[in-house]
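A.B. asks: First, the structure itself, so that you have it in front of you.
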Amino acid sequence: MKPTSLTTLLAALVVPAMGTSLPRGSADMDSVRQNNYLLGFRDQVTSHVVPMVAHPAPASGESLRRRQNGMTRLTNVRDFYYIIEVELGKQKIPLHLDTGSSDTWMVRDPFECVNIPGMGVRTVPNCGFTSGFQGEPSGGIVPNFEFARAYGDGTFATGFFGLEDVTIGGLVAHNQRVGFVNYTLWNGDGRSAGLMGLGYPYLTSLDIGGEEVKAQLYDPVFTTLWRSKTIPPVFSVALSRFGDQSAGRPKDAVNTKGIESFLALGGLPPVAIDEGSWGRTPLLPMDVLKKWGFKGQGERGFYAIAADAYVFGSRKGGVGTASEEGLSRNTSQFPVVVDIGSTDTILPNVLIKQLYAAFDPPAEYRSHQGRFWAKCGAKVPEFGITLGGKTFLFAPEDLLRQSERDPTGEWCRIGVYDGYDSEMPILGVSFLSNVLAVFDVEKHEMRFAQRTKY
């Protein structure tokens with residue numbers, strides 16, 4: 001969802017205790033978990049890759065082989081979130097990419113930006129949107145169904161559904177249902193006109209616009225593409241760690257190495273990985289998120305998985321190695337959502353306490369920032385996540401973000417933070433910038449490979 005929107009949407013809900021076990025589900029889930037090695041496995045590289053552009057988060061946000069396949073570059077916005085360019089009809093529209101939601105929506109000019117006193121949401125001119133869609137959708141308006149999405153931080157977007165051809169990475173989703181927003185409370189940064197969700201169709205049916213809004217399940221853009229057999233039912237993301245050079249970013253925070261971020265539809269992008277590191281893990285149904293009020297009855301919506309273990313401790317064997325020598329392991333099982341719309345990784349309190357204590361000197365709570373920070377010169381511990389029998393390590397620069405400092409310049413932000421047992425656990429950009437992540441909606445599994453150091 002929009003930066004931090006998945007976390008804010010679920011902020012009032014309770015995270016299971018670290019020792020809580022996941023329901024084992026079906027025999028199929030058990031068999032997948034017991035055979036998690038991908039010997040000789042590799043998806044095909046696709047020629048349709050969408051570039052992503054990285055941009056700064058809005059002021060209110062912390063977090064965020066070929067068949068005809070689609071690949072596009074992603075713009076990394078200051079290591080906060082990622083933007084792609086899509087075409088609606090013949091109009092090029094920049095959208096924030098999100099795996100924590102399914103709708104594609106954008107503002108339609110002219111639109112009304114509102115500010116509701118007492119809500120505590122600071123708005124900016126035009127709600128921080130760039131120019132949106134012009135005119136009427138070529139396929140007309142979908143009758144009797146309002147588009148409405150409300151978020152836990154008080155922001156919302158409402159309008160109507162329309163039908164339009166959506167082109168991404170050279171692929172066309174014909175007569176696609178899209179949300180056109182004409183009334184909104186938002187706090188963007190002037191770089192995008194809305195969101196493009198890549199989640200399962202189930203999320204489009206969730207009534208998060210209020211009881212008065214009738215929700216209706218439909219196929220979002222990615223689903224339309226694979227169900228029309230335009231691509232295999234797979235997409236992957238490779239997120240760069242370095243943002244663009246806007247807004248006076250420090251030199252170590254901008255992309256001076258030519259490293260690009262990609263969304264690949266139907267296969268893999270052309271990035272360097274450790275071919276021996278592939279691991280896979282099943283995608284869990286919404287039922288495992290029942291503590292957050294979801295009743296999916298076996299349906300999948302978010303890209304929720306469960307790690308085998310979390311490892312941490314003194315760094316051994318060099319950065320980026322999968323050696324666990326001398327590291328501690330926490331094997332508690334809990335669902336965690338893979339979400340490129342979240343800047344940071346969010347984990348339960350017990351695990352985070354162990355990680356923060358492993359910094360030297362230990363991380364400290366900074367009351368004026370509302371979270372834990374560490375000295376910028378601190379020794380960063382090893383921290384990794386074991387998925388499908390393979391351990392994927394965070395780079396030190398993702399655990400301790402030198403580009404994000406407090407006003408004194410002495411304290412740096414930690415890229416993994418404590419959900420205080422009230423926020424849903426999330427694997428965000430701070431984790432995903434270390435791996436190639438493959439989302440397979442046919443096999444209902446995710447596959448990961450470690451990126452080579454860049």
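A.B. asks: Please provide three numbers in whole Å: the alpha-carbon extents of segment 275-450 along the principal axes, with the largest listed first.
C.D. replies: That works out to 49, 37, 25 Å along the principal axes.
A.B. asks: Something else: Can you flag which of 229/390; 92/290; 229/453; 375/453; 291/353; 92/229 are past 29 Å Cα-Cα?
C.D. replies: Going by Cα-Cα distance, 229/390; 92/290; 229/453 fall outside the 29 Å limit.
A.B. asks: By how many nm would the segment from residue 368 to residue 112 lengthen if fully extended, with 0.36 nm per residue of separation less the alpha-carbon distance?
C.D. replies: Full-extension gain reported as 88.8 nm.
A.B. asks: Given R₀ = 60 Å, what would the calculated FRET efficiency be for residue 360 paired with residue 175, taking r from the Cβ atoms and rounding to 0.05?
C.D. replies: Approximately 0.55, to the nearest 0.05.
A.B. asks: What is segment 338-384's relative contact order, in percent, from Cα pairs under 8 angstrom and six or more apart in sequence?
C.D. replies: It rounds to 30 percent for segment 338-384.
Where a number appears in this text, it was derived from the coordinates with a stated rule and is not lab data. Here the structure is a predicted model, which means the values were calculated and not measured. Methodologically, a virtual Cβ is constructed for each residue, glycine included, from the backbone with ideal geometry; neighbour enumeration extends over all protein chains shown.
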